[in-house]
Amino acid sequence: MRFIHLADVNLGAVPDRGCPWSEKRENEIWETFRRVITGIRENPVDLLFIAGDLFHRQPLLSELKEVNELFASIPKTRVYLMAGDQDYMKIDSFYRTFSWASNVVFFAEEKVACVKDEKLDVYVYGMSYEHPVITEDLYAGIRPENKEGIHILLAHGGDRQHCPLDAAKLAAAGFDYAALGHTHAPRVLIRDRALYSGAPEPLKPNDFGEHGYIEGRAENGRIKTSFVPFSMRTYQQLLLNVNTESTQLSLEDNLKEELFKRGGLNIYRVILQGKRKPELLLIPERLKAFGNITEVLDETVPAYDLEALQRQYAGTLIGDYISYFQGKNRNTVEEKAMYYGLQALLETSV
C-alpha cells in the first residue's frame, strides 16, 4: 500500500502580494497541486490524504469543480479530504453541498468519523473544521476501532487555537500513521508515525527550507515514510558580507553573483553584515532591483577605532558615551545601539 500525504496547499493564496512576482506565485500554487495529481496519474498510489487547508479561504464552486476533475482523473487512488481552519465549512460553504467524484471521501462534520477502505483493509479517521478556531483537542480519546488492518488518522492543528495535539497522546493512541496538517514547514512529530507534510509551496517569507509532500508505504505491517521536495521555489536568507573595502557597486555585483549561483526563481531576504567604512552610505533598496527580494536588512556597523576615538574625545560626551559601552558585555542590540548613537554624536559634533 502506497500513499501521498499533502496538507496546507492553500489554493487561492497570493504570497508576497504587491511584489512583481506575486501573481506568478498564485498560479504556481495551483500548478504544483496539478503536478502532484499528474504524478499520481503516471505512477498511481493507493491513497491520497489532504490534511486540511486545501484552499486559502472559502473555496468557490468553480474551484471545487476544478479540483474534483483532478481527483476524478486518478480513479485508482482513493482521496481523503478534510477542511482546515483556513477553508473551514461556513454555514453557506460550498463544501456542504458539493458532490465529489466516486473516489473521494470528504469528512463533512466537526466530529471524528471512521471510513474503511474495504479493498485495502485500511481505516481512515478524520473530521473537518466548521469553525476557524477550535481550542479543544477533538482528536483526544480517538482510538483505532479494532486491531486488524491499517489505521490512519487525518488531523489538522497543533496549537492553542487549532486543535492542540499532544505527541505522547498520539503515540499512545495506536494509529499506524497520523497525516498532520497546519504547519507550513515539514515536521516529524513521531518518526514514520506522525508527520506534518508542510505546504507544498512556501507561502510566507519566513517559510525557509524545502517544501513538498510525504510519501509512505506499508512494509511488513509498518509504515515507512520519506519527504519529497516538490516546490517550484524556495524562500532563502542570503547573507552579504561587508568590509571596509566594500562599495555600493561591489555589493550589487556580489548580490548578482550569489543570485546566479542559487537560482533566479527563488525568493530572498538579504541581510548585510560586517563593518563598513564610516563614510559609506549604503542604499539597501537598490539591491531589490536585482531579483526576487522581499526585504534587505542592513545590519552593518561603521568600522570605528573605538580606542582612538575614546582618547581623542576624552572628557567629552562622546568619550563618556564610548566608555559607558566599552565597560559592558554588549549583546547584539546594545552593539547596534552603540554604533548608531556614536555615529549620531560624531555627525552632530562635526
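No value in this document is a laboratory result; all are computed from the given coordinates. The structure presented is a predicted model; accordingly, all values stated were derived computationally and were not measured. When we count neighbours, we look across all protein chains shown, and the Cβ atoms used for this are built from the backbone with ideal geometry, even at glycine.
Indicate the gyration tensor shape class of the stretch 304-350 (rounded, prolate or oblate), computed on the Cα atoms with a ≥ b ≥ c the square roots of the eigenvalues: a/c under 1.5 is rounded; otherwise a/b larger than b/c is prolate and the rest oblate.
Note, shape of the stretch 304-350 comes out oblate.
By how many nm would the segment from residue 206 to residue 147 grow when fully extended, if each residue of separation counts as 0.36 nm and the alpha-carbon distance is taken off?
17.1 nm
Quick check on the chain: helices-only [θ] at 222 nm, where DSSP H runs of length 4 and up contribute -39,500 (n - 2.57) each and the sum goes over total residues. Nearest 500, please.
-8000 deg cm²/dmol
Counting DSSP beta bridges with both partners in the chain, what percentage is antiparallel, nearest 5?
Around 35 percent antiparallel, to the nearest 5.
Measuring from centroid to centroid over Cα atoms, what is the spacing of the stretch 82-104 and the stretch 183-256 in Å?
29
Mind running the shape call on the stretch 94-170? Use the C-alpha gyration tensor, a ≥ b ≥ c as the square roots of the eigenvalues: rounded below 1.5 for a/c, prolate if a/b tops b/c, oblate otherwise.
Oblate, since a/c reaches 1.5 and b/c is not below a/b.
Assigning unit charges at the beta carbon (Lys, Arg +1; Asp, Glu -1) and nothing else, what dipole magnitude in debye, to the nearest 20, does the stretch 2-229 show about its Cα centre?
400
Which residues among the stretch 175-195 fall inside the zone where the amide N is under 11 Å from a point 7 Å beyond the Cα of residue 140, along Cα→Cβ?
Output list for this probe position: empty.
Please compute the contact order of the chain in relative form: average sequence separation of alpha-carbon pairs under 8 Å and at least six residues apart, divided by the residue count, as a percent.
Computed over the chain, the figure is 13 percent.
Once both axes come from the Cα atoms, what is the angle between helix 317-326 and the longest principal axis of the chain, in degrees from 0 to 90, rounded to 10?
Helix 317-326 sits at roughly 50 degrees to that axis.
Does the stretch 28-156 classify as rounded, prolate or oblate by the C-alpha gyration tensor (a ≥ b ≥ c root eigenvalues; a/c under 1.5 gives rounded; else a/b over b/c gives prolate, otherwise oblate)?
Oblate, since a/c reaches 1.5 and b/c is not below a/b.
Evaluate the relative contact order of the stretch 1-141 (contact order divided by residue number), counting alpha-carbon pairs under 8 angstrom at least 6 apart; express in whole percent.
Once normalised by length, the contact order is 22 percent.
Given a cut-off of 30 Å, name the pairs among 24/119; 65/261; 65/119; 119/224; 65/147; 204/261 whose C-alpha atoms lie farther apart than that in the structure shown.
24/119; 65/261; 65/147
Would you please give the FRET efficiency between residue 230 and residue 316, computed as 1/(1 + (r/R0)^6) with r the Cβ-Cβ distance and R0 = 41 Å, to the nearest 0.05?
Taking R0 as 41 Å, the efficiency between residue 230 and residue 316 is 0.10.
Which residues does the label zone of residue 347 cover in the stretch 298-316, counting backbone N under 16 Å from a point 7 Å along Cα→Cβ?
298-304
Taking the mean number of other Cβ atoms within 10 Å as a proxy for protection, how do you rank 36-44, 189-197 from highest to lowest?
189-197, 36-44
Where is the GNM fluctuation largest for the chain (alpha-carbon springs, 10 angstrom cutoff): 248, 58, 310?
310
Just to confirm the number: angle between the C-alpha axis of helix 22-42 and the first principal axis of the chain, 0 to 90 degrees, nearest 10?
It is inclined by approximately 40 degrees.
So for the pair residue 171, residue 286, with labels modelled 7 Å out along Cα→Cβ, what separation do we get in nm?
Here the answer is 5.6 nm between the modelled labels.
So what's the angle, to the nearest 10 degrees on a 0 to 90 scale, between helix 332-349 and the longest Cα principal axis of the chain?
Taking the Cα atoms of the chain, the angle to 332-349 is about 40 degrees.
In 10 Å bins starting at 0, how do the alpha-carbon pair distances of the chain split up by percent?
Bins of 10 Å from zero give 5, 21, 24, 17, 13, 11, 6, 2, 0 percent of pairs.
For the residue pair residue 252 and residue 31, what label-to-label distance in nm results when each label sits 7 Å from Cα along the Cα-to-beta-carbon direction?
Here the answer is 3.0 nm between the modelled labels.
Gap in Å between the Cα centre of the stretch 116-171 and the Cα centre of the stretch 281-308?
Cα centres, the stretch 281-308 to the stretch 116-171: 48 Å.
According to a simple spin-label model (label point 7 Å from Cα along Cα-to-Cβ), what is the distance in nm between residue 159 and residue 119?
3.8
Under 20 Å from a point placed 7 Å out from the Cα of residue 220 along the Cα-to-Cβ direction: which residues of the stretch 1-34 have their backbone N that close?
Hits in the stretch 1-34 for residue 220 at 20 Å: 1-3.
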